[in-house]
Amino acid sequence: MVAFDRVKSGIPEMDKALDNIRLGDNVVWRVSYLSQFKLFMEPYIKQAIEDKRNIIYFRFASHEPLLEDRPEIKIIKIPLTHRFENFTVAIHNAIEKEGKDAFYVFDCLSDLQIAWATDLMMGNFFRVTCPFLFILDTVAFFPIIRGKHSVQAINKILNTTQLFFDVYSDNKNIYVRPQKVWERNSDTMFLPHIYNPKSGEFRPILDGVQSSRFYQTLGQAQRSADEQYSDSWDRFFNRVKLLKESGIDITDECSQMCNIMMTRDFKMRQLVKKHFTPEDYFAVRDHMVGTGMIGGKACGMLLARAIIRNKEHDISEVLEPHDSFYVGSDLYYTYIVDNNLWDIRVRQRTEEGYFELAREFADKIMGGTFSESMRNQFVRIIEYYGQDPYIIVHYSFKQYFRGRIRKCFCREI
């Protein structure tokens, strides 16, 4: 089939109103509940089955399945682990195997936040997956939950996808407000629409009374699920600090802080959880650039100091206070994504490309640029130390290509 060909969504009036979904489109539905997403996904799947499409459902989230087992649908289960790269490459490889003209449904992207503890990486996942689907002339439906993500993460998705719809509902109506419809336009396309699932009607709101009812529903939805202006990572740590200040037990939260920030090694985790205080975790977070793991060297150094402190209570009188900054592992992937290097990173991971593409990948990494946000955080470190000397500790260049780079800014002692 030809790229950007019109395809049927299963809702004829919606096709007419929006000038059809096209091959290559990624379609994001921001909803309050997954039941709202199903109102549009189910006709899409029914139509795809009638048109004998190659239908794939990516199953990775903890919520109830969006689609039931049936012979016309291929369900690909991808374990959702804390390892962003492994998960994202597994999705990439499955898409590559299915080839052109496939029709996809993804589990709710908001569940990625649970595994990765940050909106940043959800946005990175979409930014590298969406273009790959586009060049293969596929159609993909994605749900996300309103109010769960930072404005920055939503903007990353909005800037990448072809179609983005907000869905709202009251006791009577289902409302759809298109936020982005790429390369299509009409006089009413971007007006709020009312959708009737039973009749299939999909009509723009042109009446003043209906418009008032829509904005009342919109206001209620936004009050109950305000978009966030900080990443879920920061919101989590701020909430834990408030719980601690209120005298509430935060043992479970400390365990989570260890799991998302300190180490993935089981034995190391047990030791960190035994010897770290809540203040230790907060101190690490307050000295981090970005999100993710601080790396094995930094974790081992901090754990050793905590063990000595706990066993030798007078050691603080002779031991110099520790004063380091840490660059979270997520910044490594964000740098690759922001500099459009993900494709070569995926190819370099293969057996054929591991050595062949290593030098090219290295040169492109060295030629990349940090975002303004990253640069500002690095400047903060430099300003913090002023004229005092400091050293930068990192893994070897060979290990860098194994995807295990972790950086730690450490003051010279």
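Structure notes:
- Residue match in the range 203-217 (condition: of a type outside the set (Phe, Trp, Tyr), in a loop (DSSP other than H, G, I, E, B) and either touching a helix residue (DSSP H, G or I) at 6+ places or on another chain (Cβ under 6 Å) or not assigned by TED's automatic domain parsing to the domain that holds Arg22 (or both)): yes
- Scanning the range 354-397 for residues that are touching a residue at least 40 places away in the same chain (Cβ under 8 Å) and of a type in the set (Gly, Ala, Ser) yields a single hit, Ala358.
- Any pair with Cβ under 7 angstrom, 6 or more apart, that starts in the range 162-177 at a residue that is surrounded by fewer than 18 Cβ atoms within 10 Å (Cβ to Cβ) and ends at one that is modelled with pLDDT under 95 and of a type in the set (Phe, Trp, Tyr): none
- In the range 249-275, the residues that are over 23 Å from Ser329 (Cβ atoms) and either surrounded by 11 or more Cβ atoms within 10 Å (Cβ to Cβ) or in contact (Cβ under 8 Å) with a residue 12 or more places away in the chain (or both): Ile250, Lys274
- Filtered residues of the range 21-31 (kept if more than 18 Å from the chain's Cα centre (by Cα) and either modelled with pLDDT under 95 or in a strand (DSSP E or B) (or both)): Ile21, Arg22
- Just one residue in the set Thr118, Thr88, Thr138 is over 16 Å from the mean Cα position of the chain (by Cα), buried (at least 21 other Cβ atoms within 10 Å of the Cβ) and among the polar types (S, T, N, Q); that residue is Thr138.
- Filtered by the rule that a residue be of a type outside the set (Ser, Thr, Tyr) and either touching a helix residue (DSSP H, G or I) at 6+ places or on another chain (Cβ under 9 Å) or closer than 24 Å to Asn93 by Cα (or both), the range 50-64 gives Lys52, Arg53, Asn54, Ile55, Ile56, Phe58, Arg59, Phe60, Ala61, His63, Glu64.
- If you check Arg177, Arg184 for being part of a strand (DSSP E or B) and either among the charged types (D, E, K, R) or not assigned by TED's automatic domain parsing to the domain that holds Leu39 (or both), only one passes: Arg177.
- Of all residues in the range 285-301, those satisfying the criterion of being crowded, with 23+ Cβ neighbours inside 10 Å and in a helix (DSSP H, G or I) are Ala298, Cys299.
- Looking across Lys198, Lys172, one residue alone is under 16 Å from Phe214 (Cβ atoms), assigned to a loop (DSSP other than H, G, I, E, B) and in the same structural domain as Leu18 (by TED's automatic domain parsing). It is Lys172.
- Qualifying residue in the range 306-326 (condition: closer than 26 Å to Glu85 by Cα and either in the same structural domain as Ala117 (by TED's automatic domain parsing) or touching a residue at least 40 places away in the same chain (Cβ under 8 Å) (or both)): yes
- Filter pass, Phe361 being outside any helix (DSSP H, G or I) and among the aromatic types (Phe, Trp, Tyr): no
- Positions within the range 46-61 being in a loop (DSSP other than H, G, I, E, B) and either outside the structural domain of Cys108 (by TED's automatic domain parsing) or on the phi < 0 side of the Ramachandran plot (or both), in sequence order: Asp51, Arg53, Phe60, Ala61
The values are calculated or read from the model by the stated rules, or taken from the named source; none is laboratory data. These numbers come from a predicted model, not from an experiment. Cβ: placed from backbone, ideal geometry, glycine included. Neighbour counts: every protein chain shown.
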